[in-house]
Each structure stands twice: as C-alpha cells, then as structure tokens.
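This report concerns only the one structure given below.
The values are calculated or read from the model by the stated rules, or taken from the named source; none is laboratory data. Only a predicted model underlies this, so the values are computations on that prediction, with no experimental measurement involved. Glycine gets a Cβ as well: all are built from the backbone with ideal geometry, and neighbour counts include every protein chain shown.
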Amino acid sequence: MASSSSCSSSVSFGVILVWLMSCFSYGNGCYTSIISFGDSLADTGNLKQLGSISNREVFPLLLPPYGENFLNQSTGRCSNGRLIIDFLAERLGLPLTPPFLQDNGNNNMVTFKQGVNFAVAGATALDPSVLEPRGIVNPMTNASLGVQLAWFKQSLPSICGNESNCRDFIGRSLILVGEIGGNDYNYPILWGQPIEEVEVLVPLVVDTIISTINELIGMGAKTLVVPGNFPVGCSASYLTVCGSQNEEYDPKTGCLVRLNQFAEYHNKLLQTKLKQVRDLHPDVNIFYADYYNAAMEIYRFPYKYGFTNGALKACCGGEGRYNVDPTVQCGEVSATVCDEPDTHVSWDGIHLTEAAYRVISKNLFSTPQFNSLCSTSTSGVGLSGSL
C-alpha cells in the first residue's frame, strides 16, 4: 500500500466552452469508422480476449457485475455498461467499436471497416523496457501504445487492401488516441512510489503519445481526438490509498488536491505538445478532449446530474469510507454492489459508471443540435481543436 507521503499533487481549471469547427466530412458528412487506442477507459473487450488467448486466470474486472447493463453481461468493459467511446459511436451513427482481438482469429475485417478498437485495459503508454528499469511492472498486460499501433499497422492490409486505399480509410476515420498514460502513473503511485519520482515519467508519456500521433498522420490521419487524463484525486481508490490527515482536500469536492495537480501537469504538457503538432500539420484536425474538466463538472455538482449517492463513493467494491477495500475487487464473490449504479459516479473506485460516462460524453460531444463530430460549428464542453 502507498503511504500518505507517496500521494502528492494540480491547479484547478475552470470548465471552458469552446467551439468545435472545421471538421473534415466525407460523403454523408460523417466519419466512416472509429479507430481507437488506449486503456481501460476505452477497452471494449481486448483484455478479455487476451486472457482467453493466454489461458491466464480471469481478471475480476472481466466478470459480472461488469457489463451488467448489456444483455450478454460481462463484455470486457470496465464499467457496468457503456463507455465514452460507445456513446460517441452512437452519436456518429456507427456500430459500437469492436475489439481488435476476436475469437475468430481476427477474421472480422468487414466489421472493422466501420471501426476497430485496439485499447487494452491496464495498458500503459510506455513500453515495459522503459518502465521496468524504474521498478514499474504492469501486472495485467504488455499491450502498450506501441504494441497497439503495431497491431493496427499489421491489420491494415486485411481491412483496407493497398496503401492508397488504407490512406483513404484512415483519412475518413475518427481516430481516438487515448485516454492513455494513466496507468503509467497509477501503478507506481498506488504501489507507494512518491509522486515527485513519478513526475519524471510525464514528459516520456506525452512524447510517446505525440510520436504515435505523428505516425498516424504520416499514415493519412486527418482527424484525431486526444483525451487528457481524468482528475485522479477524485478517484475512490486514490482517496482510499493515498488519503491522510496530511493531505490537502478540495473543500468543494473532497478530492485530493496534489493528485489532481499531477493530472493537470500531464494535461498541460499534452496540450502544449499538441499545439506544436497542429502548427506542423495545419491540414489535420487534432482535438484535445478535456476529460478532466468534463469530469470535474460532475464532481463539483453531482446532484445537478442525478448522482444522489455522491461523486466519490464506489458502487462496486468493499467496505470503507469510499466503498473501496484494496483486498476486495469488484467482480469477486466477496464484493458488494450498490442497488442504484446510476446514482453513483464511481463504479469500482477507478472506473466510472455508465451514467457518469454518459454525462461526460454529452458534455464533451453534445449540443441540442449536435448529431456527429463531423458537424460544423458545433460546441461542446472542453473539446478544443485546430482551425
């Protein structure tokens, strides 16, 4: 367990209303597919399939009550239902984005023409070769951002054929790069490494994300959405493991100030680097999705959004002030589940409920007239782009 001194650090941003403009449109004005990279915030089943391929013990987060809002229950999603990427696909009129790894050995390339998801729960941005010398071991998967990009490159000939057709396919796709990087920090901080030591990873993580974006642009990407990190100081798991009388809490939200400052440090650096990429590629739309402030809206005003059981307590987990017990994971027989998940923001202490993801998605990607990201002159909360 982490000691209280290991959990340190972010200046709070106000929620900014910005205009999303000048999106590329094709044919009927919509993107023809979604291509996604990331971790558990976007994984729609890849970790579940990786576990099946390797015959390893099933992770609790792949078992009910995860995915309980779906007819077939556990879908490999780290929530009780849909994720942000699912709500985005619905708004674009596309099928829910399927995981790249499939039971049929990836013979699903026709489906992938409308979307393919390479995100893996537990994934880091940095490769194990970078993390392990720093004493950081990923206990879940080695499917780092580099591995996911390699999968994408390997799959292209089967999805779209020759290089010209694949450039067209990529150019017509909405590409999500992230959220990614959170686990590079989660593992060391939750295992007791001081935040001051973890901060040195931030430039490495951001540079890895930017390098991936540049590769995708080189392959023909025209529209990319790059999310920032969530306010981890509001996470029930962090509050349980890192909270102490020595920590400063935000009086309005009850979140850990220093941890949110750490997330903001990552987000600021990411936005700075994205601006540099935009300057080099003025013909490419690169949008920063402000997950941090979209989520902070909920943490500041939970009752406004129907979260009558508060924003900080987990729905599924164990005992304790935040319904989190590090020895009891959601998905295990000994875990408890709340009666009304839609009234909770936190699902399992790390991930959010479907209801919270719905609100965040709406705040990021919706207006009353908003039907798809490829509409012009639409507004959203915390989504900023290149002009």
Those residues of the range 200-234 which are touching a Ser or Thr at 6+ places or on another chain (Cβ under 8 Å) and farther than 23 Å from Ser144 by Cα amount to Gly233, Cys234
For the range 138-151, how many residues meet the condition of being surrounded by fewer than 21 Cβ atoms within 10 Å (Cβ to Cβ) and within 27 Å of Arg91 (Cβ to Cβ)? 2
List pairs: first in the range 271-296 and more than 28 Å from His344 (Cβ to Cβ) and assigned to a helix (DSSP H, G or I), second modelled with pLDDT of 95 or more and not basic (Lys, Arg), Cβ under 7 Å, 6+ apart or cross-chain? Lys273/Val206; Lys273/Ile210; Leu274/Val226; Val277/Ile210; Val277/Ile213; Val277/Asn214
Inside the range 124-154, the number of residues satisfying the requirement of being assigned to a helix (DSSP H, G or I) and either out of contact with any Phe, Trp or Tyr (no Cβ under 8 Å at 6 or more places or on another chain) or of a type outside the set (S, T, N, Q) (or both) is 16
Count, please, the residues in the range 160-215 that happen to be of a type in the set (Ser, Thr, Tyr) and surrounded by fewer than 19 Cβ atoms within 10 Å (Cβ to Cβ). 2
Residue check for Leu239: within 30 Å of Val345 (Cα to Cα), within 22 Å of the chain's Cα centre (by Cα) and at pLDDT 95 or above: yes
Can you tell me which condition Thr353 does not meet? The list is (1) touching a Gly at 6+ places or on another chain (Cβ under 8 Å); (2) surrounded by fewer than 16 Cβ atoms within 10 Å (Cβ to Cβ), and all the others hold. (2)
Among all residue pairs at least 6 apart or on different chains, which show Cβ distances below 6 Å where the first residue, located in the range 62-75, is part of a helix (DSSP H, G or I) and the second is crowded, with 19+ Cβ neighbours inside 10 Å and charged (D, E, K, R)? Leu62/Lys48
Is it fair to say Thr253 is assigned to a loop (DSSP other than H, G, I, E, B), of a type in the set (Val, Ile, Thr) and either buried (at least 16 other Cβ atoms within 10 Å of the Cβ) or modelled with pLDDT of 95 or more (or both)? yes
Condition check for Arg77: surrounded by 18 or more Cβ atoms within 10 Å (Cβ to Cβ), in contact with a helix residue (DSSP H, G or I) (Cβ under 7 Å, 6 or more places away or on another chain), at pLDDT 75 or above and among the charged types (D, E, K, R): no
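Every residue, every condition in (1) over 18 Å from Tyr291 (Cβ atoms); (2) of a type in the set (Val, Ile, Thr), yes or no:
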residue	(1), (2)
Asn69	yes, no
Gln73	yes, no
Cys78	no, no
Asp86	no, no
Thr111	yes, yes
Thr124	no, yes
